[in-house]
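Participant: This structure is in structure tokens; I'll ask about it shortly.
The values are calculated or read from the model by the stated rules, or taken from the named source; none is laboratory data. All values reported here derive from a predicted model rather than from experimental measurement. Note that each Cβ is placed from the backbone with ideal geometry, even for glycine, and that neighbours are counted across all protein chains shown.
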Amino acid sequence: MNRKSLPAKNVFLRCAAILAPLALLFGSTSAQTAHKNDAPNDTRSIQLELVRTETGFFEAWKTNDQAYFREHMPENGIFWGENGTFSRDQQLADQQASAKACTVEGYGLSDFGALPLATGAYLLTYKAEQYATCNGEKVPVHINGSSIYIFKAGRWQAIYRAEVPLKNPS
């Protein structure tokens, strides 16, 4: 996963460009009538579910489980990293190629934070260590990650995922 670093200003502007429309999109959902597919409202249980779902992406990468990515990224989902912004379809194609080119020995996630954005939408942040080789080269071990989750079709789905290698992990 060779990714180029972007200046902090560009990262801020890209994040703001993504978060502003999401806030408008989800801001009006709170007045809707509740039904059985509504998101849970217990913050602690939501954070645990988001952590479980995010960890599932890493496990799916390790075990080459393409179905997990399809089930947990909505059709309009996007992935952002040092190589740019990718649609869900591009990310799925990348994961399929990764299954052939990468060997994942292990990973660990820590330092989670969850921020409610609107009813049924959360930002999850974390640090990760990943021990993998792709095309014979080691991938960066330390990364920062963030995902915006929406509750859709009865489960949490990552509509936005971002990972950036850390130059100076602490």
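Participant: Please identify the pairs in which a residue from segment 86-103 that is surrounded by fewer than 17 Cβ atoms within 10 Å (Cβ to Cβ) has its Cβ atom under 7 Å from the Cβ atom of a residue that is outside any helix (DSSP H, G or I) and among the polar types (S, T, N, Q), counting only partners at least 6 apart or on another chain.
Facilitator: Within 7 Å, the pairs are 99/64; 101/135; 103/133.
Participant: Could you tell me whether any residue of segment 134-141 is in contact with a Leu (Cβ under 8 Å, 6 or more places away or on another chain), outside any loop (DSSP other than H, G, I, E, B) and not basic (Lys, Arg)?
Facilitator: No, segment 134-141 contains no residue that is in contact with a Leu (Cβ under 8 Å, 6 or more places away or on another chain), outside any loop (DSSP other than H, G, I, E, B) and not basic (Lys, Arg).
Participant: Output the residues belonging to segment 119-136 that are at pLDDT below 95, more than 18 Å from residue 73 (Cα to Cα) and surrounded by 13 or more Cβ atoms within 10 Å (Cβ to Cβ).
Facilitator: Within segment 119-136, 119, 134 meet the criteria.
Participant: Can you say whether residue 53 is among the hydroxyl-bearing types (Ser, Thr, Tyr) and modelled with pLDDT under 95, as far as the supplied structure shows?
Facilitator: The answer is no for residue 53.
Participant: Hey, can you tell me all the residues within segment 142-170 that are over 9 Å from the mean Cα position of the chain (by Cα), among the hydrophobic types (A, V, I, L, M, F, W, C) and part of a strand (DSSP E or B)?
Facilitator: Within segment 142-170, 143, 150, 151, 156, 164 meet the criteria.
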